[in-house]
Amino acid sequence: MALRTIMTQEQPTLHKAARPVTNFDQRLHDLLDDMAETLADANGAGLAAPQVGILRRIFLIDVDDRGLIEFINPEILETSGEQDGVEGCLSLPGQWGMVKRPNHVKIRAQDRDGAWFELEGDELAARCILHEYDHLEGHLYSEKVYKWLSEEEVSAMFEAAEEAEEAE
Ligand code: NI
């Protein structure tokens, strides 16, 4: 396994639609392993292949107790509800903004061996899946931000969330 370089927003790969994966081979598995290592190293919630310079329809998320999940050739089947919250991206380091997204998503994708599965996600998982899916279409969350936040505002929000969690 090896760390891959995370592209920042000036890179053209982040603004192009990614192509489907057709070979479920060792090369794909190596890429997925490298992406997992890169995501963990960056302490991120999700990572899409275009962010490491690979224009293929692949992303990973690691947001809840389900652990790391790999999505290959994903299709959004349905979305519902609405959530409003802070979002960031490993390709836009140090930036945070408010984005409205559906609160629920149902998605279909292939695993690393090509088997199809369906998965549902709410709240943070839904936000993360939709954010990563946008990367495969060449879109960044910054296009959807309605209010940018300062670092102080973001720290205050995270601290408030942690306190609320501890109080539960
Ligand atoms: Ni991102």
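The values are calculated or read from the model by the stated rules, or taken from the named source; none is laboratory data. No experiment lies behind these values; they were computed from the predicted model shown. Heads up, the Cβs are rebuilt from the backbone with ideal geometry, glycines too, and the neighbour counts pull from every protein chain shown. Just so you know, the surface numbers come from the protein's heavy atoms only, side chains and all, with ligands and any DNA or RNA stripped out. Shrake-Rupley method; radii C 1.70, N 1.55, O 1.52, S 1.80 Å.
Quick notes on this one:
- Any chance GLU152 is more than 12 Å from the ligand (Cβ to nearest atom), touching a Lys or Arg at 6+ places or on another chain (Cβ under 8 Å) and of a type outside the set (A, V, I, L, M, F, W, C): no
- Any chance ASP41 is acidic (Asp, Glu), within 24 Å of ASP122 (Cα to Cα) and either part of a helix (DSSP H, G or I) or away from the ligand (no atom under 13 Å from the Cβ) (or both): no
- Only residues that are among the small types (Gly, Ala, Ser) and outside any loop (DSSP other than H, G, I, E, B) were counted in segment 44-55, giving 3.
- Test: residue in segment 80-98 that is modelled with pLDDT of 95 or more, under 30 Å from ALA156 (Cα atoms), small (Gly, Ala, Ser) and away from the ligand (no atom under 16 Å from the Cβ): yes
- For segment 64-79, a tally of residues being in contact with a helix residue (DSSP H, G or I) (Cβ under 7 Å, 6 or more places away or on another chain) and modelled with pLDDT of 95 or more returns 4.
- Extreme residue, least open to solvent (accessible area, probe 1.4 Å), among residues of segment 1-31 that are among the acidic types (Asp, Glu) and assigned to a loop (DSSP other than H, G, I, E, B): ASP25
- Being open to solvent by 40 Å² or more (accessible area, probe 1.4 Å) and either out of contact with any His (no Cβ under 6 Å at 6 or more places or on another chain) or more than 16 Å from the ligand (Cβ to nearest atom) (or both) is a description that does not apply to ASP34.
- The single residue among ARG112, ARG101 that is more than 14 Å from the ligand (Cβ to nearest atom) and in contact with a helix residue (DSSP H, G or I) (Cβ under 8 Å, 6 or more places away or on another chain) turns out to be ARG112.
- Strands (runs of 3 or more DSSP E) fully within segment 56-168 counting 2 or more residues that are touching a residue at least 24 places away in the same chain (Cβ under 8 Å) and surrounded by fewer than 18 Cβ atoms within 10 Å (Cβ to Cβ): 69-80, 83-87, 96-101, 104-110, 116-122, 147-149
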